[in-house]
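Trainee: The following block contains the structure, expressed as structure tokens.
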Amino acid sequence: MVVYLPSIATFRQDYIETRLENAQIAVLALEEAPGNMVSPALEQRLLSQSGVIAIIVRREDKSLVLGFDVMPDEVNATFDLRNPSLGMLIMDAFDTLENGGNRVIRVIGDPMLPGTRLLEVTMDEAGLYRALANYSNNVLVLAILTSLFTGILVYLALHWLLVRPMRRVKDRIVAFRRKPEAVPKRSRESRRPDEIGLIERELVRMQDEFRQNLKQKSHLAALGEAVAKINHDLRNILATAQLASDALQRVDHPVCRRCRAVS
């Protein structure tokens, strides 16, 4: 819409201003004619070449008119292009498209000829409607294609710059949750200077540190299990020796008596 609306408004303005310029050139021919009068055939030719029905030019001392005999008694709309705004031009363009070229309009424009106070033309809107409708369709199709192309580029850019990195982070987190002790295939460290690159690097460091802590805890657990096993075996040996010693205390044998005496 940013492309479409100003485009149709500018096209309509240029179309009408071209008719205004042609009308002023036609008036120059009228002004050079004797008594400011031309033959009906030449008048009709000048109006046809200008693309208007009638022309009125008001000078400081006189008024010049072409097409007075064919000028309609009333017009359906009047447009002033001397100080147009973009909003007004857009509304006028939609007004032209809405009415379908079935109007006779009066247009007031800025005169280029020196000493001219007012330039006014009366024209059939059918030609303007056909040209504007054709241009509007072309611009609308072009704007839609441009929007689609831009949308695809934006999607690909977002996918490449945001979605893919976040998906990698997600995959790392899911894989780490499932097997925290497994060492993944080492990938190239991200060098992005933004927040996503920082997150990727910090996530890799955190996972590496966590795996090291898990390995240390596993080693400590294995060491504790080995110590407990040794302690258990020693207790069994000592218990067996204690039982043997208690049994020897009750044996009435000269060798045993001497051993007890020595101990």
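The values are calculated or read from the model by the stated rules, or taken from the named source; none is laboratory data. In this text the structure is predicted, and so the values were computed from the model without any measurement. Here the Cβ is made from the backbone with ideal geometry for all residues, glycine too, and neighbour counts use every protein chain on show. Ligands, DNA and RNA are excluded from the accessible area calculation, which covers all protein heavy atoms including side chains. Shrake-Rupley method; radii C 1.70, N 1.55, O 1.52, S 1.80 Å.
Trainee: Rounded to the nearest whole Å², what accessible area per residue is found for region 120-248 with the 1.4 Å probe?
Mentor: Roughly 78 Å² per residue, with all protein chains present.
Trainee: Still on this model: Using a 1.4 angstrom probe, figure out how much accessible area region 1-114 has per residue, in square angstrom, rounded to the nearest whole. Mind dumping the intermediate values first?
Mentor: Details: 6420 Å² over 114 residues.
Counting only protein heavy atoms, the per-residue value for region 1-114 is 56 Å².
Trainee: Right, here's the next one. Would you compute the Debye intensity of region 1-115 from its alpha-carbon atoms alone, equal scatterers and no solvent, and pass along log10 I(q)/I(0) at q = 0.12, 0.14, 0.22 Å⁻¹ to two decimals?
Mentor: Cα-only, vacuum Debye calculation for region 1-115: -0.48, -0.64, -1.29.
Trainee: At a Förster radius of 45 Å, what calculated FRET efficiency corresponds to the Cβ-Cβ distance of Arg191 and Val141, to the nearest 0.05?
Mentor: So, using R0 = 45 Å, E works out to roughly 0.60.
Trainee: Could you calculate the FRET efficiency of Met1 with Arg178 from 1/(1 + (r/R0)^6), where r is the beta carbon distance between them and R0 is 51 Å, rounded to 0.05?
Mentor: For Met1 and Arg178, the calculated efficiency is 0.55.
Trainee: Here's something else I'd like to know. I'd like the projected area of region 56-173, averaged over all directions, using the convex hull of its alpha carbons. Report it in nm² with one decimal.
Mentor: For region 56-173, the mean projected area of the Cα convex hull comes to 11.8 nm².
Trainee: Between Lys229 and Leu28, what is the label-to-label distance in nm when each label sits 7 Å out along the Cα-to-Cβ direction?
Mentor: That separation, rounded to one decimal, is 11.1 nm.
Trainee: Carbon and sulfur together cover what percent of the accessible area of the chain at a 1.4 Å probe radius?
Mentor: So the carbon and sulfur contribution to the accessible surface is 60 percent.
Trainee: Size of the chain along its principal axes in angstrom, Cα-based, largest extent first?
Mentor: 169, 33, 25
Trainee: Just how much of Leu113 is accessible, in Å², when a 1.4 Å probe is used and the result is rounded to the nearest 10?
Mentor: 30
Trainee: Ranking request for peptides 159-165, 227-233, 50-56: highest mean number of other beta-carbon atoms within 10 Å first, then the rest in descending order.
Mentor: By packing density, highest mean first, the sequence is 50-56, 159-165, 227-233.
Trainee: Would you be so kind as to identify all helices of the chain, as entire DSSP H runs, whose Cα atoms reach 18 Å or more along the helix's own axis and whose mean Kyte-Doolittle hydropathy is at least 1.0?
Mentor: Span-like helices, by this rule, are 125-158.
Trainee: What does the helix-only formula give at 222 nm for the chain: each DSSP H stretch with n ≥ 4 adding -39500 (n - 2.57), the total divided by the residues, and the result rounded to the nearest 500 deg cm²/dmol? Write down the numbers at each step before the final one.
Mentor: On the way: 7 runs with 167 residues, N = 263.
Dividing the helical sum by the residues of the chain leaves -22500 deg cm²/dmol.
Trainee: Full-extension gain between Leu97 and Glu74, please, as 0.36 nm times their residue separation minus the C-alpha to C-alpha distance.
Mentor: 6.2 nm
Trainee: Please list 145-158, 98-111, 63-76 highest first by mean number of surrounding beta-carbon atoms within 10 Å per residue.
Mentor: My ranking of the peptides, most packed first, is 98-111, 63-76, 145-158.
Trainee: Turning to a different aspect of this structure: Need one number: nm distance between label points at Lys170 and Ala222, each 7 Å from Cα along Cα→Cβ, rounded to one decimal.
Mentor: In this crude spin-label approximation the distance works out to 3.7 nm.
Trainee: Given a 1.4 Å probe and the protein chains all in place, what does the accessible area of Met88 round to, in Å² to the nearest 10?
Mentor: Result for Met88: roughly 60 Å² accessible.
Trainee: Using a Förster radius of 45 Å, what is the FRET efficiency between Thr116 and Phe149 based on their Cβ-Cβ separation? Nearest 0.05, please.
Mentor: 0.45
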